[in-house]
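Structure provided below as structure tokens; questions to follow.
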Amino acid sequence: MEEKLAQRPATCIKIVLFGPESTGKTTLSEDLAEYFNAPMVKEYMREYLQKVWDSEKRICEPRDIIPIAKGQMQAENLQARKAEELLICDTDLLELKVYSEAYYEGYCDPQLLKHALNNHYHLYFLTYIDVPWTPDDLRDKPHDREGMFQRFQKALDQHQKPYLILKGDRETRLKIAVNKINQLLKSRET
């Protein structure tokens, strides 16, 4: 199991979209991947849980966390091999850690915790809750958006991860993110 959760070394800049559900992470991930013509790592948790919901009509359980983490890292490691300069990640294991603790009374599998903290990303874009809530059959916390946002920010602060909070509409967020990524790419050239 250990190997399947490990982040493989990569030479590209890795950016993570991070934050509560329905805050525009996937939209911005897709926009950034298109803008920079860069590979994107999709959120495996959503794909996995949609299959569970459709086939078993059940919500996420603690036994699902490690398979989700393995799927996420498999996708990330695959896309990182394709990336030349930049990789856009629509989530990471730290996000899964935050959700695990939020839903399972503070519990996080020790292996997930280890890898979530050891994985390296150049920057997290923490998406704020100032976009409209979009309901679907997997989202369930429309009335605790502020509390969930605080959990995500606390995780970044507590584990000293580099981040920038993104607020505003889609165009504003994209412009800010593009400028910051361009700075990272430029600093790499020198």
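Per-residue ellipticity at 222 nm for the chain, helices alone: DSSP H runs ≥ 4 residues times -39500 (n - 2.57), over residue total, nearest 500 deg cm²/dmol?
Values: 8 runs with 101 residues, N = 190.
The per-residue figure over the chain is -16500 deg cm²/dmol.
When only DSSP loop residues count, what GluC sites (Glu not before Pro) in segment 39-140 have their Cβ near at most 14 other Cβ atoms within 10 Å? Each step should come with its number before you reach the end.
On the way: sites: E43, E47, E56, E76, E84, E85, E95, E101, E105; in loops: E43, E84, E85, E105.
Filter output for segment 39-140: E84, E105.
By counting other Cβ atoms within 10 Å of each Cβ, how are K57, K180, K167 ranked from fewest to most?
On the way: K57 8, K180 16, K167 13.
The fewest-first ordering by Cβ neighbours comes to K57, K167, K180.
Percent of Cα-Cα pairs more than 26 Å apart in the chain, please.
Working: 4895 of 17955 pairs.
Pairs farther apart than 26 Å: 27 percent.
Ok, one more. Sort C12, C89 so that the residue with the fewest other Cβ atoms within 10 Å of its own Cβ comes first and the one with the most comes last. Walk me through the numbers on the way to the answer.
Details: C12 18, C89 26.
Sorted ascending by nearby Cβ count, the order is C12, C89.
Readers should treat all values here as calculations from the given coordinates under stated rules, not as data from a laboratory. Given the structure is predicted, the values throughout are model-derived calculations rather than measurements. Don't worry about glycine lacking a Cβ; one is built from the backbone with ideal geometry, like all the others, and counts go over all protein chains shown.
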